[in-house]
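Scroll down for the structure; my scribbles are underneath it.
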Amino acid sequence: METIKVDVRYEACPVPLIETRKALRKASPGDVVEVIGTHPASKKEIPMAVEALKLELLGVEDEGPVWKITIRR
């Protein structure tokens, strides 16, 4: 099992979602994708995409302006 980190800090929509989708496509089942970003809309969009793709959302954490979303493929 692998952890894939996607750093999209200071990127605006749709870049964070596109980069997250790319990472999820590369990931093997069971791998964890960790997305770190700052764009507020992406913090809502990425979990919605995870749900639509029927993947597991492990968590959404806020650290000031920076957020981290953890997804299991």
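Summary table
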{"read-out": "The chain - share of DSSP beta bridges that are antiparallel (%, nearest 5)", "value": "70 percent"}
{"read-out": "Under 5 Å, built H, 5+ apart or other chain: amide partners of ASP31", "value": "GLU2, ARG73"}
{"read-out": "Nearest 10 degrees, 0 to 90: helix 15-26 Cα axis against the chain principal axis", "value": "10 degrees"}
{"read-out": "Radius, Kirkwood style, for the chain when every pair of distinct Cα atoms is counted (Å)", "value": "11.8 Å"}
{"read-out": "Proximal aspartates and glutamates to LYS54, defined as alpha-carbon separation beneath 16 angstrom and excluding residues fewer than eight positions away on the same chain", "value": "ASP31, GLU45"}
{"read-out": "Least to most buried among ILE46, ILE18 (fewest other Cβ within 10 Å first)", "value": "ILE18, ILE46"}
{"read-out": "Nonlocal amide H pairs with VAL6, under 5 Å, H built at 1.01 Å", "value": "GLU34, VAL35, ILE36"}
{"read-out": "Given charges at beta-carbon only (K, R positive; D, E negative), |dipole| of segment 1-51 in Debye", "value": "100 debye"}
{"read-out": "Rounded tilt (10° steps) of 40-52 against the dominant C-alpha axis of the chain", "value": "20 degrees"}
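Every number in this text was worked out from the coordinates using simple rules, so none of it is lab data. Computed from a predicted structure; not experimentally measured. Heads up, the Cβs are rebuilt from the backbone with ideal geometry, glycines too, and the neighbour counts pull from every protein chain shown.
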